[in-house]
Amino acid sequence: MSANPSASNRRTAPPPEAREKRHTISIMVENTFGAFTRIAGLFAAKGYNIDSMSVGPTEDPSVSRMTIVTRGDDQIIEQIIKQLNKLINTIKVVDLTFDSFVERELVLAKISSTPETRPEIMQIAEIFRAKVVDISPRTLTLEATGSQQKVDAIIKMLKPYTIRELARTGRVALKREFQGEV
């Protein structure tokens, strides 16, 4: 029995990181000078962390789509979305986290290789449906796309061969249109 009987009856709140959830936020913005800077600045000014951010033009060249992955509890994410909607140049903000969506990441990895290890590295690439996009006497450069878990897995498998350089896009995502059964 504990020395303080009331201590065993107390409930402790979970640590903040236990309440935080990873959110994927899609933002449509006017493709104008400074739009990206204002959004990144909002996150910096409020102390919100960005796990990844991808930006690119859409089917309409006057509009860009930003996909931001961030962490926070429901209150923080609600605040982020409200602040994003207030920014000039913002057209639409959607938290995809609770919807069905398609997401992909791209990774380019330059791996040290020798004539002996090259077949092993190429076998890993084949298993992950990665492409060899560059080759030299001492390296192989692979391109892989897929979910965050797939990209993490191929990186883990390639680490023993020495990854010389790595470039990763972060997540891009689109909401699924079809929600029913096939």
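Could you check the stretch 73-108 and list, in sequence order, the residues that are assigned to a strand (DSSP E or B), more than 23 Å from residue 151 (Cα to Cα) and either of a type in the set (Asp, Glu) or under 16 Å from the mean Cα position of the chain (by Cα) (or both)?
The first filter runs over the stretch 73-108 and keeps only residues assigned to a strand (DSSP E or B), leaving 90-95, 101-108.
This time we only want the ones that are more than 23 Å from residue 151 (Cα to Cα), so: 90-94.
Answer for the stretch 73-108, where residues must be assigned to a strand (DSSP E or B), more than 23 Å from residue 151 (Cα to Cα) and either of a type in the set (Asp, Glu) or under 16 Å from the mean Cα position of the chain (by Cα) (or both): just 94.
Can you confirm whether residue 41 is modelled with pLDDT under 90 and either of a type outside the set (S, T, N, Q) or in contact with a His (Cβ under 6 Å, 6 or more places away or on another chain) (or both)?
no
Test each condition in (1) under 24 Å from residue 147 (Cβ atoms); (2) in contact with a strand residue (DSSP E or B) (Cβ under 7 Å, 6 or more places away or on another chain); (3) in a helix (DSSP H, G or I) for residue 124 and report the one that comes out false.
So the condition that residue 124 fails would be (2).
Looking at the stretch 161-173, which of its residues are surrounded by fewer than 16 Cβ atoms within 10 Å (Cβ to Cβ) and either small (Gly, Ala, Ser) or within 14 Å of residue 123 (Cα to Cα) (or both)?
Answer for the stretch 161-173, where residues must be surrounded by fewer than 16 Cβ atoms within 10 Å (Cβ to Cβ) and either small (Gly, Ala, Ser) or within 14 Å of residue 123 (Cα to Cα) (or both): just 167.
Restricting to the stretch 161-177, and then to whatever is part of a strand (DSSP E or B) and basic (Lys, Arg), can you tell me which residue is nearest to residue 118 (Cα to Cα)?
164
Name every residue in the stretch 127-157 that is under 20 Å from residue 54 (Cα atoms) and assigned to a strand (DSSP E or B), in order of residue number.
If the condition is that a residue be under 20 Å from residue 54 (Cα atoms) and assigned to a strand (DSSP E or B), then 143, 144, 145, 146 are the ones that fit.
I'd like the full set of residues that are free of Cβ contacts under 8 Å to residues at least 40 places away in the same chain, loosely packed, with under 13 Cβ neighbours inside 10 Å and not hydroxyl-bearing (Ser, Thr, Tyr), limited to the stretch 23-65.
Residues satisfying the conditions are 33, 41, 44, 45, 46, 47, 49, 57, 59, 60, 61.
I'd like the full set of residues that are buried (at least 16 other Cβ atoms within 10 Å of the Cβ) and either of a type outside the set (A, V, I, L, M) or over 18 Å from residue 172 (Cβ atoms) (or both), limited to the stretch 96-116.
Listed by number, the residues that qualify are 101, 104, 105, 109, 110, 111, 113.
Restricted to the stretch 117-132, and to residues that are of a type outside the set (D, E, K, R) and more than 26 Å from residue 103 (Cα to Cα), which residue is surrounded by the fewest Cβ atoms within 10 Å (Cβ to Cβ)? Full working, then the answer.
So the first thing to find is which residues in the stretch 117-132 are of a type outside the set (D, E, K, R), and the list is 117, 119, 121-125, 127-128, 130, 132.
Keeping just the survivors that are more than 26 Å from residue 103 (Cα to Cα) gives 117, 119.
Numbers: 117: 15, 119: 10.
Selected residue: 119.
Find all pairs meeting these conditions: Cβ atoms under 8 angstrom apart; at least six residues apart or on different chains; first residue within the stretch 133-157 and surrounded by fewer than 16 Cβ atoms within 10 Å (Cβ to Cβ) and at pLDDT 95 or above; second residue of a type in the set (Gly, Ala, Ser) and part of a loop (DSSP other than H, G, I, E, B).
From the stretch 133-157, the pairs are 138/113; 143/130.
Exactly one condition in (1) more than 19 Å from residue 53 (Cβ to Cβ); (2) touching a strand residue (DSSP E or B) at 6+ places or on another chain (Cβ under 8 Å) is not met by residue 95; state its number.
Of (1) more than 19 Å from residue 53 (Cβ to Cβ); (2) touching a strand residue (DSSP E or B) at 6+ places or on another chain (Cβ under 8 Å), only one is false for residue 95: (1).
Report yes if residue 119 is assigned by TED's automatic domain parsing to the domain that holds residue 26 and more than 18 Å from residue 168 (Cβ to Cβ), otherwise no.
So residue 119 does not fit the description; no.
The values are calculated or read from the model by the stated rules, or taken from the named source; none is laboratory data. All of these numbers come straight from a predicted model, not from anything done at the bench. Methodologically, a virtual Cβ is constructed for each residue, glycine included, from the backbone with ideal geometry; neighbour enumeration extends over all protein chains shown.
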